[in-house]
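In what follows, a structure is listed as structure tokens, so that the remarks can point back to it.
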Amino acid sequence: MASLSKPAPPSPDGVTAERRLREAEERLREALEELQLRQMRAAQGLDPPCHHADDSCVANAVGNLCQTFLLSYGVRAGIGILLRAFKLARGQSLRSILDLKNLVSEKDLIVREEACRIGLLFGGFTGSYHALRCLLRKLRKKETPVNAMLAGSIAGFSVFALDDRNQRRTLALYLLARLAQCAYNSAKSKNKFHLWGSHWRHGDSLLFSIACAQVMYAFVMRPESLPKSYQNFIQKTGPVAAPVYKAVRDCARGLPIDVAQLSVYLSTKKGFQNIKLEEFPSIIPCSIIHPDTSSCVVNNAKAASATFRKTFPLYFSLTFVPFVVLHLQKFMDAPAHICWNALKNAVRSTTFLSAFVGIFQAVICLHRKVFSKDHKLVFWIAGGIAALSVLLEKKARRGELALYVMPRAADSMWYILVNRHLLPDVKNAEVALFCLCMGGIMYYLEHEPDTMAPFLRGLIRRFLASRISNPAPPSSRSASYTYLQTLDAIKKPKSEEEDRETNNSTPPSQQYDLESIPGL
């Protein structure tokens with residue numbers, strides 16, 4: 001007798017279809033609730049409704065400001081504490097983590113000012129956006145897309161909470177890339193515009209490769225065009241020392257290298273074999289780029305391994321902390337599962353970055369084996385080839401990474417063009433760009449949400465504008481209300497609800513939920 005076979009796991013296409021169905025149901029629910037509010041207000045002859053039936057406009061704005069501030073502050077402070085814990089565990093002992101003086105002392109963990117600034121940026125934008133939306137409804141006596149655009153643009157002045165101009169410019173360019181993505185998706189859905197090559201399977205990887213090529217070229221040849229924090233991150237992640245990069249940069253430009261500074265650095269390396277340093281060499285050899293070992297293959301393997309060890313705590317913190325803070329209920333329901341997923345994603349992302357470093361160094365060494373003269377374009381090509389390691393990441397993550405690196409590349413190009421007087425250096429131009437982009441982003445969020453990436457749409461609704469998509473349900477029971485009840489019945493079977501009431505008198509949605517805490 002043939003044994004019963006186990007049911008086959010759902011195919012990726014089936015999982016994607018199910019996810020899209022859930023998203024469509026959620027959007028339909030929001031549209032029906034919006035329609036109910038409009039019908040109720042129209043029947044009463046009142047102004048366009050505000051989506052906070054139980055709160056005043058001021059209380060709603062202040063509540064959103066406080067909630068988003070606390071969430072933003074918690075994410076930044078949590079990442080800093082977790083990174084400090086990794087550092088203590090690696091350098092001292094596991095018992096040192098339990099000592100609060102070592103873990104969260106102001107001397108070793110300086111996150112208070114930065115966390116407050118991030119909280120003021122996000123919280124200030126959310127609170128002022130809601131206040132402006134209510135004010136525009138009352139003044140204009142109607143609800144139009146112009147309200148969302150004006151409110152988003154004016155609320156964008158909260159970017160002044162960041163005192164670093166480079167940070168503001170990078171954030172503005174990131175939003176510009178996102179706004180361009182929304183505009184393109186909107187035009188494409190209306191058959192107004194279609195970019196050649198957008199249907200390519202690995203178009204996101206190609207975009208990431210071009211952006212990384214510009215970033216790595218800028219890091220080696222024009223490091224001043226990148227933010228200082230980004231320079232430090234690449235410098236600490238890679239295996240090549242700063243004096244060597246300076247010598248490579250001068251050599252590629254045809255300038256004399258600083259022989260004295262380079263000699264001092266090489267004298268500290270045990271495995272370095274003394275060679276005659278020239279002031280105008282044709283190329284910097286591999287023996288100077290990696291003086292610790294004579295084998296390029298061994299050096300690249302060590303570089304990849306060291307990068308994994310150095311960046312794993314960062315990626316794990318960025319994966320674990322935001323999810324716990326923003327989705328506390330899901331974490332409390334299945335903490336082991338969430339930790340396991342965070343660990344897998346962190347390992348995958350760290351492997352991608354480690355491969356990037358190894359491939360970049362391998363291309364540089366290969367060039368020195370084949371050619372006898374250095375050229376600045378080598379670093380652009382090496383960055384583009386190394387970026388192919390993004391194929392190790394999930395498909396959904398590749399586009400996000402491309403849109404993350406693109407602003408860095410654009411920031412570098414912006415600086416270079418301004419430095420060469422091809423673009424004017426306008427004071428606070430990044431603030432104006434940020435405000436315009438936020439106006440466009442909020443328009444697409446509220447009126448064309450399908451044009452936004454699911455990650456960005458969910459992040460803004462939960463993190464920046466947590467109450468935009470959560471209007472209070474109306475009291476009138478129309479046909480749309482009946483449909484909503486039917487939809488709830490499909491998603492929550494009666495037997496499941498009865499078991500829940502029997503086993504636990506407090507619904508899980510009210511446990512460990514930040515929104516259920518008064519004042520949050």
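The values are calculated or read from the model by the stated rules, or taken from the named source; none is laboratory data. For clarity, every value in this text was computed on a predicted model and none was experimentally measured. Cβ atoms come from the backbone with ideal geometry, glycine included; neighbour counts cover every protein chain shown. For the accessible areas, the whole protein counts, side chains as well, though only heavy atoms, and no ligand, DNA or RNA atoms are used. Shrake-Rupley method; radii C 1.70, N 1.55, O 1.52, S 1.80 Å.
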So, in nm, how far is label Lys394 from label Cys339 when the simple model puts each one 7 Å beyond its Cα toward the Cβ? 2.0 nm
On a 1.4 Å probe surface of the protein chains, which of Val62, Val248 comes out largest in accessible area, and what is the full order? Val62, Val248
If you stretched the chain out fully between Glu224 and Leu328, how much longer would it get, using 0.36 nm times the residue separation minus the C-alpha to C-alpha distance? 33.4 nm
How much FRET efficiency would the formula 1/(1 + (r/R0)^6) give for Phe371 and Ala432, where r is the Cβ-Cβ distance and R0 is 41 Å, rounded to 0.05? 0.35
Accessible-area ranking of Arg201, Arg397, Arg368, largest first, probe 1.4 Å: Arg201, Arg397, Arg368
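Could you work out the relative contact order of segment 203-427? I mean the mean sequence separation of Cα pairs under 8 Å and 6+ apart, divided by the number of residues, in percent.
36 percent
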What order, most packed first, do the peptides 169-180, 278-289 have when packing is the mean number of other Cβ atoms within 10 Å of each residue? 169-180, 278-289
Accessible area (Å², 1.4 Å probe, nearest 10) - Phe331: 40 Å²
Given a Förster distance of 30 Å, the FRET efficiency implied by the Cβ-Cβ spacing of Ser295 and Gln231, rounded to the nearest 0.05, works out to 0.60
Report Ser305's accessible area, 1.4 Å probe, all protein chains in place, as a number in Å² to the nearest 10. 50 Å²
Cα centroid separation, segment 123-161 to segment 381-418 (Å): 32 Å
Pairs over 18 Å Cα to Cα, from Lys310/Lys395; Lys87/Lys310; Lys87/Lys269; Lys190/Lys394; Lys344/Lys394, come to Lys310/Lys395; Lys87/Lys269; Lys190/Lys394
Surface accessible to a 1.4 Å probe, Val370 within the full protein complex, Å²: 100 Å²
Solvent exposure ordering (accessible area, 1.4 Å, most first) of Phe316, Phe208: Phe316, Phe208
Cα→Cβ-extended label distance, 7 Å offset, between Arg27 and Val58, nm: 3.8 nm
Pairwise FRET efficiency - Lys142 versus Arg309, Cβ, R0 = 56 Å, nearest 0.05: 0.45
What are the ³J(HN,Hα) couplings of segment 235-242, residue after residue, when phi is run through the Karplus curve with 6.51, -1.76, 1.60 and θ = phi - 60°? Round to Hz, x for glycine and proline. 5, 6, 6, x, x, 9, 7, 4
